[in-house]
Amino acid sequence: MTRPCPGPRAVTARPHWTPPPGGVDCHMHIFGPHDRYPLSPGRAYTPPEASIAMYEEMLATLGLSRTVVVQPSVYGTDNAVTLDAVEAMGQDRARAVVVVDDAVEPAALRAMHGRGARGVRFNAVSGNGTPLEQLEALVGKIAPLGWHLQLYAHAAEILALEDVLARLPVAVVIDHMGGIGTRNGGADSPAFAALIRLLEGGAWAKLCGYRSSAGHPYADVAPMARAMIAAAPERCVWGTDWPHPSLFPPTGMPDDGHLLDLLADWAPDAAQRQAILVDNPARLYGF
């Protein structure tokens, strides 16, 4: 039986600072319409619809103009909703990260590249994803396209895969702060030490605001975010994770305006924020 999850907030707070022009939300999902994009029977959760129009309203409130649509686990390897969202928003404003398995043909990858895909995601947390055993085989298929590998894994898996990830011939993007939060040791954990080593060695990371056991204002996440930025300021990007489908108590539904305010705290220097929101995504996704 799949678990339900909440829908997106109806109202988003305006951030207390103005992002630089060309800012990118590097992690979001579109769900539905469900009659056009049926959910996978192997999914772990059942999201309500979260439309492009709803997302565009939130993005405008934040003051960002570009986005990366990430294929969610509820659609398996059927990337139609993700690629159609990029088409609807336009490749001047949007890119995609897709989910495929090792049976995918090079021609299919090239077709997805033409539609704005720039990376492939492994999701070892939400289920219904590509097995980690296929990681190196798939990397061989995406390397000719210049794509990156995006990994969402449990903290222990980041630690176990460190050597493999460090030698891959493509850019590696660690999703959702490496799956590390204060519940599993935070900045003092062996997994976080491995994450920092990967960043120092050339990996990328997605910063997000709510890997927290305390909820808003997520102060317990700040030491991790600052350490990641210090380790790889030129390879950190930021994302909302709108509409936040994997929430669990007691954190509650985050407000994306508050999440963007956190970035100003983690990266108080305007040049750092320019890099994280504009320059780094431009290099990673080809904007």
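No value in this document is a laboratory result; all are computed from the given coordinates. Fair warning: this is a prediction, and the values are worked out from it, not measured in the lab. So basically every Cβ, Gly included, is an ideal-geometry build from the backbone, and we count neighbours across all protein chains shown.
When DSSP beta bridges are restricted to pairs lying wholly in the chain, around 5% turn out antiparallel. Peptide packing for 236-242, 189-195 was compared via the average number of neighbouring C-beta atoms within 10 Å per residue; ordered from the highest value, the list is 236-242, 189-195. In this structure, residue 270 and residue 80 have a Cβ-Cβ separation that, at R0 = 25 Å, corresponds to a calculated FRET efficiency of about 0.05.
Taking every C-alpha pair closer than 8 Å and separated by at least 6 residues, the mean separation divided by the residue count of the chain gives a relative contact order of 21 percent.
Note on region 188-287: Kirkwood hydrodynamic radius from all Cα pairs is 14.1 Å, rounded to one decimal.
Estimated at 0.36 nm per residue, the fully extended path between residue 137 and residue 91 surpasses their Cα-Cα distance by 13.7 nm. For labels at residue 108 and residue 16 in the simple 7 Å Cα→Cβ model, what's the distance in nm? Roughly 4.8 nm, to one decimal.
Residues of region 218-244 with amide nitrogen under 15 Å from the 7 Å Cα-to-Cβ point of residue 57? Flagged as within label range: 243.
Divide the volume of the convex hull around the Cα atoms of region 65-142 by the residue count and you get 85 Å³ per residue.
Ranking 196, 142, 174 by Cβ neighbours within 10 Å, fewest first, what do you get? The most exposed by this proxy come first: 196, 142, 174. Would you kindly give the portion of the calculated P(r) for region 10-138 that falls above 21 Å, as a percent of all Cα pairs? Of the Cα pairs, 43 percent sit more than 21 Å apart. Report the Stokes-Einstein translational diffusion coefficient (µm² s⁻¹, integer) for region 117-246, Rh taken as the Kirkwood radius over Cα pairs, at 10 °C with viscosity 1.306 mPa s. Value of D from the Cα-based Kirkwood radius: 107 µm²/s. Taken one residue at a time, the phi angles of region 160-170 give Karplus couplings (6.51, -1.76, 1.60, θ = phi - 60°) of 5, 8, 3, 5, 5, 4, 5, 9, 5, x, 10 Hz. Gly and Pro are set to x.
Placing dummy labels 7 Å off each Cα toward the beta-carbon, the span from residue 156 to residue 101 is 2.5 nm. Diffusion coefficient (Stokes-Einstein, Kirkwood radius over C-alpha pairs, 4 °C, 1.567 mPa s) for the chain: 69 µm²/s, rounded to a whole number.
Applying D = kT/(6 pi eta Rh) to region 149-188, where Rh is the Kirkwood radius over alpha-carbon pairs, T corresponds to 37 °C and eta to 0.692 mPa s, the Stokes-Einstein value obtained is 309 µm²/s.
Here the residues 133, 87, ranked from fewest to most Cβ neighbours within 10 Å of their Cβ, fall in the order 133, 87. A straight line joining the Cα centroids of region 50-109 and region 117-149 runs 16 Å. Evaluated with a Cβ-only charge set (Lys, Arg +1; Asp, Glu -1), the chain carries a dipole of roughly 160 debye about its Cα centre, given to the nearest 20.
Label positions at residue 115 and residue 200, each projected 7 Å from the Cα along the C-beta direction, are separated by 4.2 nm. In plain terms, the chain from residue 166 to residue 184 could stretch by 4.2 nm, reckoned as 0.36 nm per residue minus the Cα-Cα distance.
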